[in-house]
Structure formats: structure tokens, C-alpha cells
Amino acid sequence: LGAANPDDVMHRLERRYSSSARVNKEDGIKFDFEESWVHLRKSNTEPIMRIIAEAKTTQAASRKLAEVANEIH
């Protein structure tokens, strides 16, 4: 993330994906797309944000993960 504020990043991603995914903000932010999901969660102990993706194939999960990660500046 560099100097990016994790809360700002999650808010920006929520605006970006709210029309194409179901959004769950219970623990970080999770985007449920039609055939995949991506979950972002900031660490409480380290200056990092974890991004996890799941899809039907490794390649599909990697593509969706890269798509969302590219939105983080």
C-alpha cells in the first residue's frame, strides 16, 4: 500500500465495485462477484492489507485478485 490509507482504499474499492458485486463490510470488505470473491482486510498488528481471492480456478482467482489489486494506488 505504501502511504495509502487502508480505510480510504477500502472506501474507494467499495464505490468501484458496489454495482458489480455484493459488498460485505463485517470484517474488512468482501466483494462477492458472480463466480468469485475478493476479501480485503487491514492488519491490526502490521502496516499491511491482506487480499484473498477465491474462484472456480486458480487462474480466475489470480485474474480477479490482480484486477482488484490494480485499483490500489
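The values are calculated or read from the model by the stated rules, or taken from the named source; none is laboratory data. From a predicted model like this one, the values you see are computed outputs, not experimental measurements. Here Cβ is always computed from backbone atoms with ideal geometry, including for glycine, and neighbour counts include all displayed protein chains. Note: accessible area is taken over every heavy atom of the protein model, side chains too, but ligands, DNA and RNA are not part of it. Shrake-Rupley method; radii C 1.70, N 1.55, O 1.52, S 1.80 Å.
Conditions tested, residue by residue: (1) more than 17 Å from residue 4 (Cβ to Cβ); (2) open to solvent by less than 70 Å² (accessible area, probe 1.4 Å).
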{"residue": "20", "(1), (2)": "yes, yes"}
{"residue": "23", "(1), (2)": "yes, yes"}
{"residue": "28", "(1), (2)": "no, yes"}
{"residue": "34", "(1), (2)": "yes, no"}
{"residue": "50", "(1), (2)": "no, no"}
{"residue": "53", "(1), (2)": "yes, yes"}
{"residue": "60", "(1), (2)": "yes, yes"}
{"residue": "68", "(1), (2)": "no, yes"}
## Note on the structure
Of the residues in region 36-48, those that are out of contact with any Asp or Glu (no Cβ under 9 Å at 6 or more places or on another chain) and open to solvent by 80 Å² or more (accessible area, probe 1.4 Å) come to 44, 45, 46, 47
### Task
Please list, ordered by first then second residue, the pairs with beta carbon atoms under 7 Å, 6 or more apart or interchain, first in region 21-43 and within 16 Å of residue 66 (Cβ to Cβ), second aromatic (Phe, Trp, Tyr) and open to solvent by 40 Å² or more (accessible area, probe 1.4 Å).
31/37
### Query
Any idea which of (1) in a strand (DSSP E or B); (2) at pLDDT below 95 is the one residue 45 doesn't satisfy?
(1)
### Message
Restricting to region 1-42, name every residue that is within 20 Å of residue 61 (Cα to Cα), touching a strand residue (DSSP E or B) at 6+ places or on another chain (Cβ under 7 Å), not in a strand (DSSP E or B) and not charged (D, E, K, R).
### Response
10, 13, 17, 21, 28
### Query
Among the residues of region 48-72 satisfying the criterion of being in contact (Cβ under 8 Å) with a residue 40 or more places away in the chain and outside any helix (DSSP H, G or I), which is farthest from residue 9 (Cα to Cα)?
48
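Restricting to region 5-16, name every residue that is without any contact (Cβ under 8 Å) to a residue 40 or more places away in the chain and open to solvent by less than 40 Å² (accessible area, probe 1.4 Å).
Correct list: 10 only.
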### Query
Can we say residue 19 is at negative phi and over 13 Å from the mean Cα position of the chain (by Cα)?
yes
